[in-house]
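Structure, as structure tokens:
The values are calculated or read from the model by the stated rules, or taken from the named source; none is laboratory data. Computed from a prediction, not measured in an experiment: that's the story for all the values here. Positions of Cβ are generated from backbone atoms using ideal geometry, with glycine treated the same way; all protein chains shown enter the neighbour counts.
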Amino acid sequence: MTVILNQSFTGISIGAVLLLIALGLTLTFGQMGVINMAHGEFIMAGAYTTYVLQKAISGAGVSLLVALPVAFLVAGAMGALLEWLLIRRLYTRPLDTLLVTWGVSLMLQQLARDIFGAPNVQTRAPDILTGNIAVAEGISLANSRLFILGLALLSVLALTLVLRFTPLGRRIRAVVQNRDLAEVSGIATGRVDRMTFFIGSGLAGVAGVAITLVGPIGPTTGTNYIVDAFLVVVVGGIGQLKGSVITAFVLGVLQSVLEYSTTVSVAKVIVLVAIVAFLQWRPQGLYTLRTRSLA
Amino acid sequence: MLEIDDIRVGYDRTPVLHGVTVAVPKDGVAAVLGHNGAGKSTLLRAAMGLLKPGKGTVRLDSEDITRLAPHQRVTRGMAYVPQGQQAFPHLTTAENLQLVADGRPDGKEAIAEALDLFPALRELSGRRAGLLSGGQRQQLAIARALITRPRLLLLDEPTEGIQPSVVAEIEETILALTRRGGLSVLLVEQHVGFAMRAAQRYYVLEAGRVTSSGEGGAEAEQTVRAALSV
């Protein structure tokens, strides 16, 4: 029982990382339909932002807290720039978008190698996040993992509030649902696209900060997570935040429990087979919205 | 008010409008009639900027707006109700209206005025637009357009595909709007009777060309019916 609980908590914390990464994708891929292969590099940018700030600011705790908004802005600005320079010209050409952003992803990885070097670097976690909390006999929760879980849930809450209750959120949802109608309703859809990309990429930056607490970071840090993050968005139901939250945690726990009873590779294969089977049965994903018409 | 001058528009390389000239009088109504496929909706899409004309100009109060984006035309006082009772399906009725009112200092009053015109929408404020009936969605579409307080309203077949009881209500509202002044309307319509009651000027469009035009009014109805039956 203790083992199952421990593995489940590990799974939930894996799910939290997945969720943080997938959150930005629910906007850029889920809402806008753009397959941005450079999303992983925005995660990497967020991670390196933490590294740079830790060099500049002495206290690990302070630098981590400062890194959260700074990484959001850095990655967000990169995303908005990418959208303005390239993606907006390719909205009707998904295959070209995929190839172009993949190229950008390789360029950004090389840029990181040139600036920070090829080997991975390690950031220092603040003391408060290095310990464990014992919740019961034999069950302990790592503080850093709890922090990531809290950060993921806070990010989901913030994104939900922005999308539901702010003028920007209404505009983002409107542009996604009917671009022409949004435009003739007086909404500058191009500006909304850029803001959507800014927020989605900014969230990837925040995920990058969280990842520095899990292990060392390098130029390919983001790429390692990106496929799983796309899977979370697709299985959850494209554009459905609720679906992404559930899927991230289910996949995390499933992976963790299976890893314990088999091996890492076998667990990965079983999870992928389960996803393929699920999508055969329910191609639209976990959640969809019903309407009388899609106009 | 609006002058569409000799515009040629098409989709990809297929031309749809071959040099169409249409004018909407200030505070008046111009109706465009024609069979399916004549190019009526294309004309409105071009007037609103959703399609860029290959040739010709669109002028609003003498200003050349041919190259302006649709949202820039809205800020200059144009509003558009597209064909097919379009709304944002996953936004509630209230959100569909608030979306347009956001950032407008008079947004609250504009929403209240729009809801006064279509009181049925008040009870549906929390319902997602995708779950409304066709008639309710069309009322929402017209209300949404009016929140920007337009000087010129483009209406594309506002009563098409709607149950008769609601059609009468929508027609009466449109007629009331045009009579109270300060609003010009370019109306695309298949119902000749309603169009001619509303319009001071009419244009019959066939295969992308204006084949007949003249003064509107009920007395011109037979002329228009004859032009359409050719």
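General remarks:
- Only one of A:LEU241, A:LEU231 that is within 30 Å of A:LEU73 (Cα to Cα) and within 14 Å of another protein chain (Cβ to nearest Cβ): A:LEU241
- The stretch B:137-230 holds strands (runs of 3 or more DSSP E) entirely within its bounds, and those carrying 2 or more residues that are surrounded by fewer than 16 Cβ atoms within 10 Å (Cβ to Cβ) map to B:209-215.
Residue-by-condition table, conditions (1) away from chain A (no Cβ under 14 Å); (2) touching a Pro at 6+ places or on another chain (Cβ under 8 Å); (3) over 19 Å from A:ALA182 (Cα atoms); (4) at pLDDT 90 or above:
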position	(1), (2), (3), (4)
B:GLY28	yes, no, yes, no
B:LEU44	no, yes, no, yes
B:MET48	no, yes, no, yes
B:LEU68	no, no, no, yes
B:THR75	no, no, no, yes
B:TYR80	no, yes, no, yes
B:GLN86	no, no, no, yes
B:ALA114	no, no, no, yes
B:LEU124	no, no, yes, yes
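- When residues of the stretch B:91-112 are limited to those that are surrounded by fewer than 20 Cβ atoms within 10 Å (Cβ to Cβ) and in a loop (DSSP other than H, G, I, E, B), the one nearest to the other protein chains (Cβ to nearest Cβ): B:ASP102
- Among the residues making up the stretch A:183-239, those that are among the small types (Gly, Ala, Ser) and over 24 Å from A:LEU106 (Cα atoms) are A:SER185, A:GLY186, A:ALA188, A:GLY190, A:GLY236, A:GLY237, A:GLY239.
- Selection status of B:GLU215, touching a Lys or Arg at 6+ places or on another chain (Cβ under 8 Å) and either at pLDDT 85 or above or among the aromatic types (Phe, Trp, Tyr) (or both): yes
- A:ILE35, sole failed condition from (1) buried (at least 24 other Cβ atoms within 10 Å of the Cβ); (2) assigned to a loop (DSSP other than H, G, I, E, B): (1)
- Sole residue being within 30 Å of B:ARG76 (Cβ to Cβ) and β-branched (Val, Ile, Thr), chosen from A:ILE139, A:ILE217, A:ILE172, A:ILE211: A:ILE172
- Checking A:GLY190 against (1) closer than 27 Å to B:MET48 by Cβ; (2) buried (at least 20 other Cβ atoms within 10 Å of the Cβ), the condition it does not meet: (2)
- Residue check, A:ALA248 surrounded by 21 or more Cβ atoms within 10 Å (Cβ to Cβ) and either of a type outside the set (Asp, Glu) or touching a strand residue (DSSP E or B) at 6+ places or on another chain (Cβ under 9 Å) (or both): yes
- The stretch A:123-145, residues that are free of Cβ contacts under 8 Å to residues at least 40 places away in the same chain and either closer than 30 Å to A:ILE57 by Cα or in contact with a Cys (Cβ under 6 Å, 6 or more places away or on another chain) (or both): A:THR130, A:GLY131, A:ASN132, A:ILE133, A:ASN143
- Residue tally, condition over 19 Å from B:ALA195 (Cα atoms) and of a type in the set (Gly, Ala, Ser), over the stretch B:142-172: 2
- Screening A:GLY186, A:GLY169, A:GLY218, A:GLY190 for residues that are in contact (Cβ under 8 Å) with a residue 24 or more places away in the chain, within 11 Å of chain B (Cβ to nearest Cβ) and more than 13 Å from the chain's Cα centre (by Cα) leaves exactly one candidate, A:GLY190.
- Number of the condition not met by B:VAL166 [criteria: (1) closer than 26 Å to A:VAL184 by Cβ; (2) touching an Asp or Glu at 6+ places or on another chain (Cβ under 7 Å)]: (2)
- Filter pass, A:ARG124 being within 14 Å of another protein chain (Cβ to nearest Cβ) and either in contact with a His (Cβ under 8 Å, 6 or more places away or on another chain) or modelled with pLDDT under 95 (or both): no
- Some residue of the stretch B:149-157 being closer than 27 Å to B:ASN36 by Cα and either more than 13 Å from chain A (Cβ to nearest Cβ) or without any contact (Cβ under 8 Å) to a residue 40 or more places away in the chain (or both): yes
- Considering only residues in the stretch A:145-166 that are among the aliphatic types (A, V, I, L, M) and within 14 Å of chain B (Cβ to nearest Cβ), the one that is surrounded by the fewest Cβ atoms within 10 Å (Cβ to Cβ) turns out to be A:VAL162.
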